[in-house]
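Enquirer: Mind having a look at this structure? Questions to follow.
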Amino acid sequence: MKAIPRGIYGITVRGWGMDHIRSAEVLLRAGVRIIQYREKSLSTREMIDDARRVHELCMSYGAVFIVNDRVDVAYASEADGVHLGQEDLPAELARKILGDAIVGVSASTPEEGVLAEKVGADYIGAGSIFPSRTKPEERVLGFEGLKRLIELVKLPVYAIGGIKLQHLEMLKNVGVYGIAVISEIFDSGDPYAKARSLVETWKKLGD
């Protein structure tokens, strides 16, 4: 299994005038070193084609490549791992299919985080920390819930959901391993500059 990078966790988009390949390239050029391919509506073949291209880009930058939800697409694109929601294939079954790959699991309560650790997740995506424009239906874990989750598990925890640049210090101070952002980058008018600012701010705060 590849090492899981600390810091900014980039998620590709198909929107804001970009496709997955272009958005991945922006994130990678800005210094992001873990990229998730997230797609809900393309055909499986189109997703595999996209995922393979994004994976090639990630390899050229020495970055980790994760596929959201779809274990089949992760397998077909030889991704470094998969990220699973609470309604997706259970982590232990994904592990049987993908072998020594990274398996991340979403948690919107401290209890879900504890269960993710028990079933063998390698990291947790915790959120939503704040209400999120890209996933408005998500339950809000909140800052206090995040702190409790981090106290209860030993896994790396990435915070996600409505996070902005000004939240980084607060989140890092409670022990998050990294943060995942979409709107803060791609809604900014200059995605490269915003992603770069997030990466540099994280580094300045120290590990």
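Enquirer: Cα atoms only: what Rg and Dmax, in Å, come out for region 59-124?
Expert: Here Rg and the maximum Cα pair distance are 11.6, 38 Å.
Enquirer: Something else now. Could you let me know the centre-to-centre spacing of region 152-167 and region 43-84, using Cα atoms, in angstrom?
Expert: Their Cα centres are 23 Å away from one another.
Enquirer: Follow-up. Per q in 0.17 Å⁻¹, report the Debye log10 I(q)/I(0) for region 104-171, using one uniform scatterer on each alpha carbon and no solvent.
Expert: The calculated log intensity ratios at q = 0.17 Å⁻¹ are -0.53.
Enquirer: Still on this model: Give the Rg (one decimal place) followed by the Dmax (whole number) of region 7-205, computed from C-alpha coordinates and expressed in Å.
Expert: Rg and Dmax of region 7-205, Cα atoms, are 15.6, 42 Å.
Enquirer: If you don't mind, there's one more thing I want to ask. Any chance you could run the full-extension gain for residue 53 through residue 97? It's 0.36 nm times the residue separation minus the Cα-Cα distance, nm to one decimal.
Expert: Numbers: separation 44, 0.36 × 44 = 15.84 nm, distance 2.17 nm.
Stretched fully, the residue 53-residue 97 segment lengthens by 13.7 nm.
Enquirer: Sticking with this one: Which one of 126, 188, 12 is farthest out on the positive end of the charge dipole of the chain, using unit charges on Cβ (Lys, Arg +1; Asp, Glu -1) and the Cα centre as origin?
Expert: It is 188, whose Cα lies furthest towards the positive end.
Enquirer: Expected output is a single nm value to one decimal: the length gained when fully extending between residue 119 and residue 42, i.e. 0.36 nm times separation in residues minus the C-alpha distance. What is it?
Expert: 24.7 nm
Enquirer: Would you mind calculating the gained length between residue 164 and residue 190 on full extension (0.36 nm times residue separation, minus the Cα-Cα distance), in nm to one decimal? Can you show the working numbers first?
Expert: On the way: separation 26, 0.36 × 26 = 9.36 nm, distance 1.46 nm.
Extending this stretch completely gives an extra 7.9 nm.
Enquirer: Amide H to amide H, which residues 5 or more places from residue 181 or on other chains are under 5 Å from it, using H placed in the peptide plane?
Expert: 9, 11
Enquirer: What number, rounded to the nearest 500 deg cm²/dmol, is the helix-based mean residue ellipticity at 222 nm of the chain, given -39500 (n - 2.57) per DSSP H run of at least four residues and division by all its residues?
Expert: Working: 9 runs with 87 residues, N = 207.
After summing the helix terms and dividing by residue count, I get -12000 deg cm²/dmol.
Enquirer: Give me Rg over Rh for region 31-100, both radii from the alpha carbons and Rh done the Kirkwood way, two decimal places. Intermediate results must be reported in sequence, preceding the final value.
Expert: Numbers: Rg = 11.5 Å, Rh = 12.1 Å.
Across region 31-100, the Cα-based Rg/Rh ratio is 0.95.
Enquirer: I've got another one for you. Given +1 on the Cβ of Lys and Arg, -1 on the Cβ of Asp and Glu, and no further charges, what dipole in debye does the chain carry about its Cα centre, rounded to the nearest 20? Each step should come with its number before you reach the end.
Expert: On the way: 27 positive and 29 negative charges, 100 e Å.
Dipole magnitude for the chain comes out near 480 debye.
We did not get these values from a lab; they are worked out from the coordinates using the rules stated. Since we're looking at a predicted model, the values are computed, not measured. A quick note on method: Cβ atoms are made from the backbone with ideal geometry, for glycine too, and the neighbour counts reach across all protein chains shown.
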